[in-house]
Every structure is written in structure tokens, then in C-alpha cells.
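Participant: Quick one: structure below, then a few questions.
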Amino acid sequence: MPIATRAFAATAADKPLTPYSFERRDPGPDDVLIDIKYCGVCHSDLHAARGETGGTAFPLVPGHEIAGVVKAVGSNVTRFKEGDRVGVGCMVDSCRECASCQEGVEQYCIPGFTGTYGGKDKKGGTSEAITQGGYSDHITVDQHFVLSIPDSLALDVAAPLLCAGITTYSPLKEWGVGPGSKVAVIGLGGLGHMAVKLAAAMGAEVTVLSTSDRKKADAERMGAKHFLINSDKDAMKAAAEKFDLIINTVSATHEIASHIQLLARDGTMIMLGLTTEGLPVFALPLLWRRRRIAGSLIGGIKETQEMLDFCAEHGIACDIETIAPDQINDAYERMLKSDVRYRFVIDMEKLAA
């Protein structure tokens, strides 16, 4: 039987999120039914809820940083059992057949992965069914896209690892960060603070670049060795050609040409922020030192599990502020003002009856 589910949803781009009820599918043979305990609030949730990413189908239940406990499993499920601590990130399905899926990087699925919310739900019964996310009390997910959360990670601080954690872990691993690496992180927000923690744990010498020094103490506590104000021309000049890797987490349109000069020969700037506007870059600084600008998108399921295990081993978790579901609209407004250190997490057990 369909499972009655309570949630908070956006019903239109210009309206606040409100309580919403709908039905989840009963677990099929390969499915896991999860009682959601916590859901992180990603900046992309806000973009989708306000129709800023285009093509949003309303009503929409956002949320793709999900942590909870298994309530039931289908007959073919062998990796999970009732009571297990689990997570769900940005994907709930993919084609499973293309080269990317076969190589375990489902986020680059050629036809496109199925997003945890706002995607076409291939298991939902009709082609028009839309996936609904984690601002809810239950979710049913194919076992392939369910992650195990190690016992040493509390569920509330683990939830944002399913997006903010893997989004920063994946490029650090792909570009071979380790002892001796010099890594700069632009922006100390939800993504940036995880990049600092993870890079430091990998053995890198980490520098944070920011517009002010108000988060300097936080950056140092998280493992940064240096803090650079990017409007300080003398400091920027002194840091020229220093970094092997720059993790750029800024979502808003911003100037990056001067930051390219901070890269050493063969250095790379990884763009992680979601922005649909152009960022002017001049070719000369790139070719003069064989520098690169690249992008990276979350991580595959295998790598996401690797990230969770790495965080458990090194005692890494997100810095969070827990909120009740009915505080989500205020949280969105605060996010726009960068008034959160460093990730909102919704306590779904406070969802009003």
C-alpha cells in the first residue's frame, strides 16, 4: 500500500514552503524504506524551490542530504536491514547502463541521473511522476543509492555530508590531494568549510580566501594554516603561483581572473558553485602556466560511501545549526545573507502532526 508521507513543500516559486502531504511507494523488491531523522538544507534547494534553476514542477519537496533509519526493505535487499543507519544524497536512480554508470560515477550518467527531488521518477508508476526529497518523514529508495552511515557519525551532522561532503571530497581525491599539496578554498560556507576539513585531513596545507576576516578563527579551527583576504592586493600578489588546487565554492557571479594567478604551473581551479552567469577568464594566464579551470559534480555512490568512511575515521562532520521544519522559510532568508555557520539541518522528528 502507498505510504502516507508528511512534508514541507514549495507550491509555487513565489510562495513560502508549507506543510504538504503525499504518498510514497511501498517498497518493491529492491527498495529501502527510510524513516528520515534529519535533512540538510543545500543552497540548491532554495534555487529549485524558487524556480531559479528552470523547469521546476510544483509542488516540490526539496532536500537531498538525508539521514535516517531503515524501516523496511524489499525481498531482494541484502545490504540493509531494519534499524540500520543510512543516508541518501542527490541521486535516487540512473540508467545503470552507460559508461559512467558502469564505472561507478553515476553522477555523470549520460541520459542523466534521477535527482532525489524534481526528477522523473521511473519507479513512481507514471512517466510524469516527480521525485520528492527529504523535507519529509519517509522516503523509499532503490538500495543501490542508499549509503551506510558509520556508527561514529551522529545522524544530524552526517546529513550534509551527502551533498556538501561528497561535492568537496570528490575533486580533492580526483586531483590527488595529499601530504605536500597546497590547496586554497574560496568561500567558507557550507561547501567551503567541508573542503577545508577534508583537505586538511588528507594532509594538505590549506589556505582560505575570503572577503573579510570574520571567519578566520573558524577556518583555523577547521584546519586552515593561512587566511587570505582577496581584496588585499599585496597579499594576493605575494600568494601568486602558490597553489596546486583551488576549490571555488562561490555560487554567485564573481571575479576569478585574479585568482587564476594564484595557481602554480599545472594548477587547477575547480568550480563547485552553481551559477548560470558568465565568469570572464583570459586565456593568457592559463596558457602561460598550463593552468586549468575544471568542474566537478557531487560523487558516485561508491565514492560517497568512501567519503563517509573517511569522515568517520578522521572525526570529520559538518558544523550545523538544527532547525524545525516550520523554520525553513526563515532559514532560506538567512542563507541568502550567509547567516549560517555552516549548514542548516532540519530535525524531521519535529514535523507537526
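Participant: Kindly evaluate G83 against the criterion of being open to solvent by less than 40 Å² (accessible area, probe 1.4 Å) and either modelled with pLDDT of 95 or more or over 21 Å from the mean Cα position of the chain (by Cα) (or both). Outline the logic, then answer.
Facilitator: Details: open to solvent by less than 40 Å² (accessible area, probe 1.4 Å): no; either modelled with pLDDT of 95 or more or over 21 Å from the mean Cα position of the chain (by Cα) (or both): yes.
So G83 does not fit the description; no.
Participant: Follow-up question, since we're still on this one. For region 245-269, name all the residues that are open to solvent by 40 Å² or more (accessible area, probe 1.4 Å) and under 18 Å from L287 (Cβ atoms).
Facilitator: S258, Q261, R265, D266
Participant: Right, here's the next one. Within region 86-127, track down each residue that is within 20 Å of the chain's Cα centre (by Cα) and part of a loop (DSSP other than H, G, I, E, B).
Facilitator: Hits for region 86-127 are G89, C90, S94, G104, V105, C109, G112, F113, T116, Y117, G118, G119.
Participant: So which residues in region 24-52 are open to solvent by 60 Å² or more (accessible area, probe 1.4 Å) and either of a type in the set (V, I, T) or over 20 Å from C90 (Cα atoms) (or both)?
Facilitator: Across region 24-52, the qualifying residues are D26, P29.
Participant: Which of the following residues is more than 26 Å from Y342 (Cα to Cα), among the polar types (S, T, N, Q) and surrounded by 15 or more Cβ atoms within 10 Å (Cβ to Cβ): T56, T78, T11? Steps first, answer last, please.
Facilitator: Details: T78 fails: surrounded by 15 or more Cβ atoms within 10 Å (Cβ to Cβ); T11 fails: surrounded by 15 or more Cβ atoms within 10 Å (Cβ to Cβ).
Exactly one of T56, T78, T11 is more than 26 Å from Y342 (Cα to Cα), among the polar types (S, T, N, Q) and surrounded by 15 or more Cβ atoms within 10 Å (Cβ to Cβ), namely T56.
Participant: Something else: What are the pairs, 6+ residues apart or on separate chains, where a residue within region 215-233 that is touching a residue at least 24 places away in the same chain (Cβ under 8 Å) and surrounded by 19 or more Cβ atoms within 10 Å (Cβ to Cβ) has its Cβ under 6 Å from a residue that is not in a helix (DSSP H, G or I) and not hydrophobic (A, V, I, L, M, F, W, C)?
Facilitator: Correct list of pairs: L228/T207.
Participant: Consider region 332-350. How many of its residues are part of a helix (DSSP H, G or I) and either charged (D, E, K, R) or open to solvent by 80 Å² or more (accessible area, probe 1.4 Å) (or both)?
Facilitator: 5
Participant: Still on this structure, I have one more. Does any residue of region 271-280 turn out to be in contact with a Leu (Cβ under 9 Å, 6 or more places away or on another chain), assigned by the TED database to the domain that holds K182 and open to solvent by 30 Å² or more (accessible area, probe 1.4 Å)? Quick ask: steps written out before the conclusion?
Facilitator: Of all residues in region 271-280, those in contact with a Leu (Cβ under 9 Å, 6 or more places away or on another chain) come to 271-273.
Imposing the further condition that a residue be assigned by the TED database to the domain that holds K182 reduces the set to 271-273.
Adding the requirement that they be open to solvent by 30 Å² or more (accessible area, probe 1.4 Å) leaves 271.
Within region 271-280, one or more residues are in contact with a Leu (Cβ under 9 Å, 6 or more places away or on another chain), assigned by the TED database to the domain that holds K182 and open to solvent by 30 Å² or more (accessible area, probe 1.4 Å).
Participant: Here is a further query. Checking G112 against (1) under 29 Å from Y332 (Cβ atoms); (2) modelled with pLDDT of 95 or more; (3) surrounded by 19 or more Cβ atoms within 10 Å (Cβ to Cβ), which single condition isn't satisfied?
Facilitator: Among (1) under 29 Å from Y332 (Cβ atoms); (2) modelled with pLDDT of 95 or more; (3) surrounded by 19 or more Cβ atoms within 10 Å (Cβ to Cβ), G112 violates only (3).
Participant: Those residues that are without any contact (Cβ under 8 Å) to a residue 24 or more places away in the chain and in a helix (DSSP H, G or I), I need them from region 248-288; list them, please.
Facilitator: Selection gives A283, L284, L287, W288.
Participant: Also: Scan region 143-157 and give yes if some residue there is of a type outside the set (D, E), crowded, with 24+ Cβ neighbours inside 10 Å and either under 14 Å from the mean Cα position of the chain (by Cα) or modelled with pLDDT under 95 (or both), otherwise no.
Facilitator: no
Participant: If a residue has to be open to solvent by 20 Å² or more (accessible area, probe 1.4 Å) and either without any contact (Cβ under 8 Å) to a residue 12 or more places away in the chain or not charged (D, E, K, R) (or both) to count, how many in region 188-209 make the cut?
Facilitator: Residues flagged as open to solvent by 20 Å² or more (accessible area, probe 1.4 Å) and either without any contact (Cβ under 8 Å) to a residue 12 or more places away in the chain or not charged (D, E, K, R) (or both) within region 188-209 amount to 6.
Participant: Now a separate question. Name the residues in region 281-302 that are open to solvent by 30 Å² or more (accessible area, probe 1.4 Å) and not charged (D, E, K, R), would you?
Facilitator: Filtering region 281-302 for residues open to solvent by 30 Å² or more (accessible area, probe 1.4 Å) gives 281-284, 286-290, 292-293, 295, 297, 302.
Correct list: V281, F282, A283, L284, L286, L287, W288, I293, G295, L297.
The values are calculated or read from the model by the stated rules, or taken from the named source; none is laboratory data. Only a predicted model underlies this, so the values are computations on that prediction, with no experimental measurement involved. Methodologically, a virtual Cβ is constructed for each residue, glycine included, from the backbone with ideal geometry; neighbour enumeration extends over all protein chains shown. Side chains included, ligands, DNA and RNA excluded: accessible areas come from the protein's heavy atoms. Shrake-Rupley method; radii C 1.70, N 1.55, O 1.52, S 1.80 Å.
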